[in-house]
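What follows is one structure encoded as structure tokens, with my remarks underneath.
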């Protein structure tokens, strides 16, 4: 297994070997100690979530006040992670990844608190994500428009299915009061 930093501070790609035979495969998806060595702190996972989305669905950009550890268990999704931290030198930068069945290599993304994640499904997708705190309705969620021209994500679906809530998200400039 390897944990690799990206160009955005706090965003890591976690890779591991897959062992397969005629029965199927086995893969380990993380070891807390290896994550801790790279993060410089113990990762905390307080809640696990599983969403299923039809092909052509786009969710995000969402940034809750906790770390996320995402994995596409089935299907293929185009994932985008945006740095929306006003005090970050990479504020406004986006990193994109193809996750799931198609890439031929399974990876997981560790998304630190303050970064916003979004994904667009190319097939039906099972999207799993562990988070660093339990969800509560009173916890404020930060969000940014999926089609923000400043972030300029080249989404792979021309007319994605987007929730009304995500259609109402502010641009990064609006969120940061710029």
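Quick notes on this one:
- Estimated inter-spin distance, residue 134 and residue 28, nm [label 7 Å along Cα→Cβ]: 3.0
- Extension reserve of the residue 46-residue 168 stretch, reckoned as 0.36 nm per residue once the Cα distance is removed: 41.1 nm
- Gaussian network model of the chain, springs between alpha carbon atoms under 10 Å - residue of 147, 130, 21 with greatest fluctuation: 21
- GNM top mover of 106, 52, 23 - the chain, alpha-carbon springs below 10 Å: 23
- When the chain is treated as a Gaussian network with alpha carbon springs shorter than 10 Å, the biggest mean-square fluctuation among 19, 50, 62 belongs to 19.
A short reminder: the numbers here are calculations on the coordinates, not readings from a lab. Everything quoted here is computed from the prediction, not taken from an experiment. Ideal geometry is used to build each Cβ from the backbone, glycine not excepted, and the neighbour counts take in all protein chains shown.
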